[in-house]
Amino acid sequence: MEKRSNFTGKLGFVLAAAGSAVGLGNIWRFPYLAAKYGGGIFLLVYIMLAVTFGFSLMCAEIAIGRKTGKSAIEAFGVLNKKYSFIGWIASVIPMIILPYYSVIGGWVIKYFTVFATGGVKDAAGDSFFGNFSANGAEPIGWFFVFLGLTALVVLMGVEKGVEKVSKFAMPVLVLLTVFITVYSITRPGAMEGVKYYLAPDFSKFSATTVLAAMGQLFYSMSIAMGIMITYGSYMKKDINLESSVKQIEIFDTAVAFLAGLMIIPSIFVFSGGNTENLQEGASLMFKTLPKVFESMPAGSFIGAIFFILVFFAAVTSSISLMETVVSIIKDKTGWGRKKVCIIVFVCAFLLGLPSCLGYGVLKNISIGDFYFLEMFDFASNSVLMPIVAFLTCIFVGYVIKPKVIIDEIESSAKFKGQKLFVVMIKYVAPIFIVLILISSVLNALDIVEI
Ligand code: PHE
């Protein structure tokens, strides 16, 4: 069996974990939710949840990984044999997400090439995205490229691949984000949009604000899908775990916040203050924003910079997904990294094909409004992740007991937030997670509007 590799130090660990956390969710979901749920007040709720709920869950996962030195599939079983099933459920999640996330990654590369070759007018056309995503061969080609790049990095290993790429990509991502944000908020009329994004609107605040913020937090911090357990298993014992978690959270939240400043004022200016143009998901990024870029001076250039930024955000997330899957299979079989990488690449490619073709030849296969891609997204994010997060809280809070995690964290430094951690894991988090699960399922069934 190969020796388990490690991140070289704290910086490498924090940037790799932040690379996983900062992804499409920060760019195409956070700004939309913040605008929809009361601007400043949403931001405040989100930050409060991040430093309590997000903090506790992330500490638990990383500590489980570091203590056991295993990926999710083995880690739960090592701590208590009867509960190894939690590891199995957690392991399925990255396997579901990796293929469709890479399909979207492929779209991002395509858009980058269009903007980089001056094609802002084409990309802004009404039917551009529809035609592109429905055309079988081209999206498959870009999907192949994106997944292939991800696989190459994972093949190079934790230290030479994942860590090296994160150390380069994450600082560049921050620079590009700041650049576009400054450009966006200095456009004429943009300040109105900044106000719309940030001014607290209490009339939009309700219990659903809290649930929406919590659901977003989950996804955004890459919690409850085995990723942080895997990354924790590569973390050296002398690194301060608690302060690493804080840094990852600050990184992730700062990028989400800036993404809002980057996107919302521009859409505001473009649409003359009509916020109906503000959508979430693929239509924001691939339909609305190209039109916004077209209306700006140097639109092709800004668009190209924007899509490189999104590419870095997406690829560091897909690397974390593939690394998690690879490490799970390696732990189970003892096979070498190269063999496992090839198998995972081929399987993820095959599994991604339905999502890739779901807007074209397979368009007739859908459940309600859900095409393949949305179905995978719903199953993993809205159903399986809350279930795993709930089980993790119960496992830590009542089976192995919080002390095991606290001791692991204290093996490197004093755990300052331990009281908060215990209350969150045992009481607050499980209740909220069940509420999220119920509301997202009801929402999908169109019973309530979130
Ligand atoms: N955390 C990532 C984001 O904000 C999403 C992600 C999901 C990353 C699943 C990896 C795995 O977009």
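The values are calculated or read from the model by the stated rules, or taken from the named source; none is laboratory data. What you are looking at is a predicted structure, and each value in this text was computed from that prediction instead of being measured. Positions of Cβ are generated from backbone atoms using ideal geometry, with glycine treated the same way; all protein chains shown enter the neighbour counts. Areas reflect the complete protein model, heavy atoms only, side chains present, ligands, DNA and RNA absent. Shrake-Rupley method; radii C 1.70, N 1.55, O 1.52, S 1.80 Å.
Could you identify the single residue in Ile302, Ile329 that is open to solvent by less than 10 Å² (accessible area, probe 1.4 Å) and farther than 23 Å from Gln216 by Cα?
Working: Ile329 fails: open to solvent by less than 10 Å² (accessible area, probe 1.4 Å).
Of the residues listed, the single one that is open to solvent by less than 10 Å² (accessible area, probe 1.4 Å) and farther than 23 Å from Gln216 by Cα is Ile302.
Looking at region 127-161 only, could you name the residues that are of a type in the set (D, E, K, R) and without any contact (Cβ under 8 Å) to a residue 12 or more places away in the chain? Working first, answer last.
Residues of region 127-161 of a type in the set (D, E, K, R): 138, 159-160.
Residue satisfying the conditions is Lys160 alone.
Could you say whether any residue in region 68-81 is within 16 Å of the ligand (Cβ to nearest atom) and surrounded by 20 or more Cβ atoms within 10 Å (Cβ to Cβ)?
If we filter region 68-81 for residues that are within 16 Å of the ligand (Cβ to nearest atom), which is where we start, we get 71-72.
Imposing the further condition that a residue be surrounded by 20 or more Cβ atoms within 10 Å (Cβ to Cβ) reduces the set to 71-72.
Yes, there is a match, as at least one residue in region 68-81 is within 16 Å of the ligand (Cβ to nearest atom) and surrounded by 20 or more Cβ atoms within 10 Å (Cβ to Cβ).
Go through region 291-343 and report how many residues are small (Gly, Ala, Ser) and away from the ligand (no atom under 16 Å from the Cβ). First the steps, then the outcome.
Here is the first cut: in region 291-343, the residues small (Gly, Ala, Ser) are 295, 298-300, 303-304, 313-314, 317-318, 320, 327, 334, 336.
So of that shortlist, the ones also away from the ligand (no atom under 16 Å from the Cβ) come out as 295, 298-300, 303-304, 334, 336.
Total meeting the criteria: 8.
Scan region 207-225 and give yes if some residue there is more than 19 Å from Tyr46 (Cβ to Cβ), within 16 Å of the ligand (Cβ to nearest atom) and buried (at least 22 other Cβ atoms within 10 Å of the Cβ), otherwise no.
Yes, that holds for at least one residue.
Is there any pair with a first residue in region 2-27 that is farther than 14 Å from Glu159 by Cβ and a second that is more than 9 Å from the ligand (Cβ to nearest atom) and of a type in the set (Phe, Trp, Tyr) whose Cβ atoms are under 6 Å apart and which are 6 or more apart or on different chains, and what are they?
Partner pairs satisfying both residue conditions: Ala17/Tyr231; Ala18/Phe251.
Collect the residues in region 309-345 that are aromatic (Phe, Trp, Tyr), within 22 Å of the chain's Cα centre (by Cα) and farther than 14 Å from Val153 by Cα, keeping them in residue-number order. Walk me through how you get there before you give the answer.
Going through region 309-345, the residues aromatic (Phe, Trp, Tyr) turn out to be 311-312, 335, 345.
Imposing the further condition that a residue be within 22 Å of the chain's Cα centre (by Cα) reduces the set to 311-312, 345.
Phe311 - this is the single residue of region 309-345 that is aromatic (Phe, Trp, Tyr), within 22 Å of the chain's Cα centre (by Cα) and farther than 14 Å from Val153 by Cα.
Out of (1) within 26 Å of Leu241 (Cβ to Cβ); (2) modelled with pLDDT under 95, what's the single condition that is false for Val441?
Val441 satisfies all of (1) within 26 Å of Leu241 (Cβ to Cβ); (2) modelled with pLDDT under 95 except (1).
Only one of these conditions is not met by Phe307: (1) open to solvent by 10 Å² or more (accessible area, probe 1.4 Å); (2) assigned to a helix (DSSP H, G or I). Which number is it?
(1)
Residue-by-condition table, conditions (1) modelled with pLDDT under 95; (2) more than 30 Å from Met375 (Cβ to Cβ); (3) of a type outside the set (Lys, Arg):
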residue	(1), (2), (3)
Phe390	no, no, yes
Ile405	no, yes, yes
Glu408	no, yes, yes
Phe415	no, yes, yes
Met424	no, yes, yes
Tyr427	no, yes, yes
Ile436	yes, no, yes
Glu449	yes, no, yes
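For region 142-166, give me each residue that is open to solvent by 80 Å² or more (accessible area, probe 1.4 Å) and assigned to a helix (DSSP H, G or I). So that I can check it myself, show each step before the final result.
Quick first cut of region 142-166, residues open to solvent by 80 Å² or more (accessible area, probe 1.4 Å) only: 144, 152, 156, 159-160, 164.
If the condition is that a residue be open to solvent by 80 Å² or more (accessible area, probe 1.4 Å) and assigned to a helix (DSSP H, G or I), then Phe144, Leu152, Glu159, Lys160, Lys164 are the ones that fit.
Would you pick out the residues in region 345-386 that are among the hydroxyl-bearing types (Ser, Thr, Tyr), outside any loop (DSSP other than H, G, I, E, B) and either away from the ligand (no atom under 16 Å from the Cβ) or modelled with pLDDT of 85 or more (or both)?
Ser355
Identify the residue in region 173-206 that is open to solvent by 40 Å² or more (accessible area, probe 1.4 Å) and under 21 Å from the mean Cα position of the chain (by Cα) and, among all such residues, is nearest to the ligand (Cβ to nearest atom).
Val174
Return yes or no: is Val45 more than 14 Å from the ligand (Cβ to nearest atom), part of a helix (DSSP H, G or I) and in contact with a Gly (Cβ under 9 Å, 6 or more places away or on another chain)?
Working: more than 14 Å from the ligand (Cβ to nearest atom): yes; part of a helix (DSSP H, G or I): yes; in contact with a Gly (Cβ under 9 Å, 6 or more places away or on another chain): yes.
For Val45, the condition - more than 14 Å from the ligand (Cβ to nearest atom), part of a helix (DSSP H, G or I) and in contact with a Gly (Cβ under 9 Å, 6 or more places away or on another chain) - is met.
Return yes or no: is Ile89 aliphatic (A, V, I, L, M) and surrounded by fewer than 20 Cβ atoms within 10 Å (Cβ to Cβ)? Don't jump to the end; show me each part of the working.
Numbers: aliphatic (A, V, I, L, M): yes; surrounded by fewer than 20 Cβ atoms within 10 Å (Cβ to Cβ): yes.
Taking the combined requirement at face value, the residue satisfies it.
Among the residues of region 6-31, count how many are open to solvent by less than 10 Å² (accessible area, probe 1.4 Å), more than 10 Å from the ligand (Cβ to nearest atom) and at pLDDT below 95.
Adding up the residues that qualify gives 1.
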